[in-house]
1. Return the residues of segment 111-130 that are part of a loop (DSSP other than H, G, I, E, B) and touching a residue at least 60 places away in the same chain (Cβ under 8 Å); say none if nothing qualifies.
2. Starting from residues that are assigned to a loop (DSSP other than H, G, I, E, B) and modelled with pLDDT under 95, keep the ones in segment 88-99 and report whichever is farthest from residue 124 (Cα to Cα).
3. Just give me the residues in segment 131-146 being buried (at least 19 other Cβ atoms within 10 Å of the Cβ), part of a helix (DSSP H, G or I) and in contact (Cβ under 8 Å) with a residue 40 or more places away in the chain, in sequence order.
4. Have a look at 70, 56, 37 and point out the one that is touching a strand residue (DSSP E or B) at 6+ places or on another chain (Cβ under 6 Å), part of a helix (DSSP H, G or I) and either surrounded by 11 or more Cβ atoms within 10 Å (Cβ to Cβ) or modelled with pLDDT under 95 (or both).
5. Taking the condition modelled with pLDDT of 95 or more, buried (at least 20 other Cβ atoms within 10 Å of the Cβ) and not in a strand (DSSP E or B), does residue 151 pass?
6. In segment 100-117, how many are closer than 15 Å to residue 59 by Cα and either buried (at least 20 other Cβ atoms within 10 Å of the Cβ) or at pLDDT 95 or above (or both)?
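The values are calculated or read from the model by the stated rules, or taken from the named source; none is laboratory data. What you see is a predicted model, and the numbers here were worked out from it, not measured in a lab. When we count neighbours, we look across all protein chains shown, and the Cβ atoms used for this are built from the backbone with ideal geometry, even at glycine.
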């Protein structure tokens, strides 16, 4: 399957979660084994030159691609979660969303100097969540190798925001 064929597996849900928003539902893609495998293969190919030592992903949908990419690349996986979900000592980052503020946490021993971490999530919108994840990785003393997403929302400025960080930003589809 080619990347051009993947868009048919993204379902648009108008007015969800609020009026005026079009939610991009990835569950049809996840249901199709060929489409899902294609996304993982294409993402792995796109980041293979980065020589990452770990993949970090933001819960929950980011875990789908983050975990599979870590496995495919033969590196460790770092879960980045909302407060209260991790059992060990954490570092956290508060960040701005288009509709308020949020906080992300990671275990303080998840990465460190010498690690090169790929940040993965399902959708790139404003880039705020990905930038917060990158800030957490840097707080741990590790380097951010780049960013990888399934979808880029073309009407949002997340790509431009992350590109200013001087790291590779990969996405498979623009919607």
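1. 114, 115
2. Here the residue is 99.
3. 133, 136, 137
4. Of 70, 56, 37, the one residue that is touching a strand residue (DSSP E or B) at 6+ places or on another chain (Cβ under 6 Å), part of a helix (DSSP H, G or I) and either surrounded by 11 or more Cβ atoms within 10 Å (Cβ to Cβ) or modelled with pLDDT under 95 (or both) is 70.
5. Spelling it out, it is not the case that residue 151 is modelled with pLDDT of 95 or more, buried (at least 20 other Cβ atoms within 10 Å of the Cβ) and not in a strand (DSSP E or B).
6. 5
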